[in-house]
1. Where in the range 171-247 are the strands (runs of 3 or more DSSP E), entirely inside, with at least 2 residues that are away from the ligand (no atom under 16 Å from the Cβ) and of a type in the set (D, E, K, R)?
2. What's the total number of residues in the range 261-285 that are under 30 Å from G332 (Cβ atoms) and β-branched (V, I, T)?
3. Quick check: anything in the range 152-159 in contact (Cβ under 8 Å) with a residue 24 or more places away in the chain and either away from the ligand (no atom under 16 Å from the Cβ) or more than 24 Å from the chain's Cα centre (by Cα) (or both)?
4. Select, from L285, L356, L292, L347, the only residue that is of a type in the set (A, V, I, L, M), away from the ligand (no atom under 14 Å from the Cβ) and either modelled with pLDDT of 95 or more or touching a strand residue (DSSP E or B) at 6+ places or on another chain (Cβ under 8 Å) (or both).
5. Looking at this structure, is K272 closer than 20 Å to Y222 by Cα, of a type outside the set (V, I, T), under 21 Å from the mean Cα position of the chain (by Cα) and more than 15 Å from the ligand (Cβ to nearest atom)?
6. Which residue, of V71, V61, is in contact (Cβ under 8 Å) with a residue 60 or more places away in the chain and assigned by TED's automatic domain parsing to the domain that holds K99?
7. For residues that are within 13 Å of the ligand (Cβ to nearest atom) and surrounded by fewer than 17 Cβ atoms within 10 Å (Cβ to Cβ), tally how many sit in the range 299-333.
8. For the range 188-210, what are the residues that are within 27 Å of G333 (Cα to Cα), of a type outside the set (S, T, N, Q) and crowded, with 22+ Cβ neighbours inside 10 Å?
Amino acid sequence: MVHTDKEMKMNSRIKNFHSLTMNERKKIIAQKLGMSLKEIDDALGCKKLNTCALDKMIENVIGIWHLPYAVCPNFLINNKDYLVPMVGYEPSVVAAASKAAKIIREHGGFKAKADPPIMIAQVILYDVAKPNKAKKIVSENKNQIIKQGNRALPNLIKRGGGIKNITVVDYPAGTGYLAIELEIDVCDAMGANIVNTIAEYASPTIADLTKEKILMCILTNYAVKRKATSEFSIPVCQLSTKKISSEEFAKRIVSASRFAGLDAKRACTQNKGGFNGMDAVAMALGIDCQALEAAGHCYATSSGYGPLCKFQVRDDILFGKIELPIAAGIVGGISQTHPGVKFSLKLLRVESAKELAMVIASAGLASTTAALGALVTEGIQRSHMKLHFRKKL
Ligand code: NAD
């Protein structure tokens, strides 16, 4: 791609975003998106959020709570450049993620993948006297259940979504539970409401067929069929630090990663470091952060609570990788009504929920890598204090 002088100048200023004033940054983003400064102020201020819209978003509203909105440059994911929006109140999160993303981009950037957007609804039966019989009935009548559930949202079916599979999970004898799991393609949505609607539509058919009682129909936030991964690789010799050798630095990162695999207390904090970045992106995009965290922590328990990001050295190359379920959408929720979220989607230029999941995973990997890098060298306090103004307090 050929860049004009003006574009090259702009790109180099974006890479050094932290050294600009707030107004300078805003001007660059406005120029990049072809927007006026007023349009950005309108999107990120509260003027366009009228009281009526706010009152519908949650209950008992009396005002607006403000948080800073930042842009994290330097993210190169699958060879595409991203300006990643982040919202939050914790100092250093944006600086740390930017710093790690900058180093990673110099070595080819993040390589990310995401599964198709399959969410799972649980239709839970209770007091089931003959689970095997109920299980057999559900298996033999899958098509009828799928047909009935899919009637709930004809537009989703037109987009290629809907129930794709049904499985039945049983529990220890005597407990009386059976869960009918509907695997639903939610296309570009997060999908919680979609999935709940379809499950409620399908459940009377399940009750009729099995002659059993339904306890509840609800999505599981453990979106285990919807995993995203992001990884990077950097030659160890390129890892420069002031006080220790690059080999020692890589060794300490890997050692810290191994320790998190052995110690849940450490793993919990390492994962929190990853969610610093992921939640900040999720907030800027109006994504359900609680769902994101619930799924991530549940995934971390797959074999005893462990770290979501892992690091290793092979053939003198440091590899970092994150893997977790990410249920995030570019439609639905507040994405079409909140001006700030609309602005974030324009800034991020993601075209699908899958692409968004890859960006969120990469933000998690960047945040974790930066935190580990600081921890195994100068320590988190000294490193973070350099990055924010609270040291003056
Ligand atoms: P939603 O209810 O807004 O539904 C998505 C809408 O987008 C549907 O009407 C669908 O027809 C439409 N749509 C348009 N284009 C689409 C496309 N390309 N792909 C898919 N749908 C398309 O949102 P949702 O995603 O079903 O649910 C997300 C919301 O539900 C979030 O705000 C979340 O906080 C909330 N929620 C979460 C939980 C939970 O346990 N995590 C539970 C209930 C609700």
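The values are calculated or read from the model by the stated rules, or taken from the named source; none is laboratory data. This structure is a prediction, so every number in the text was calculated from the model and none was measured. Backbone-built Cβ (ideal geometry, glycine too); neighbour counts: all protein chains shown.
1. Values: elements: 178-185, 213-219, 227-235.
Of the strands (runs of 3 or more DSSP E) lying wholly inside the range 171-247, those with at least 2 residues that are away from the ligand (no atom under 16 Å from the Cβ) and of a type in the set (D, E, K, R) span 227-235.
2. Filtering the range 261-285 for residues under 30 Å from G332 (Cβ atoms) gives 271-285.
If we keep only those that are β-branched (V, I, T) as well, we get 281.
Adding up the residues that qualify gives 1.
3. Going residue by residue through the range 152-159, those that are in contact (Cβ under 8 Å) with a residue 24 or more places away in the chain are 152-153, 156, 159.
Those still in the list that are either away from the ligand (no atom under 16 Å from the Cβ) or more than 24 Å from the chain's Cα centre (by Cα) (or both) too: 152-153.
Checking the range 152-159: at least one residue is in contact (Cβ under 8 Å) with a residue 24 or more places away in the chain and either away from the ligand (no atom under 16 Å from the Cβ) or more than 24 Å from the chain's Cα centre (by Cα) (or both).
4. Details: L285 fails: away from the ligand (no atom under 14 Å from the Cβ); L356 fails: away from the ligand (no atom under 14 Å from the Cβ); L292 fails: away from the ligand (no atom under 14 Å from the Cβ).
Selected residue: L347, the only one of L285, L356, L292, L347 that is of a type in the set (A, V, I, L, M), away from the ligand (no atom under 14 Å from the Cβ) and either modelled with pLDDT of 95 or more or touching a strand residue (DSSP E or B) at 6+ places or on another chain (Cβ under 8 Å) (or both).
5. Numbers: closer than 20 Å to Y222 by Cα: yes; of a type outside the set (V, I, T): yes; under 21 Å from the mean Cα position of the chain (by Cα): yes; more than 15 Å from the ligand (Cβ to nearest atom): yes.
Yes, satisfied.
6. Working: V61 fails: in contact (Cβ under 8 Å) with a residue 60 or more places away in the chain.
Exactly one residue qualifies, and that residue is V71.
7. Residues of the range 299-333 within 13 Å of the ligand (Cβ to nearest atom): 325-333.
Still in the list and also surrounded by fewer than 17 Cβ atoms within 10 Å (Cβ to Cβ): 331.
Of the residues in the range 299-333, 1 are within 13 Å of the ligand (Cβ to nearest atom) and surrounded by fewer than 17 Cβ atoms within 10 Å (Cβ to Cβ).
8. The answer is A189, M190, G191, I194, V195, I198, A199, A202.
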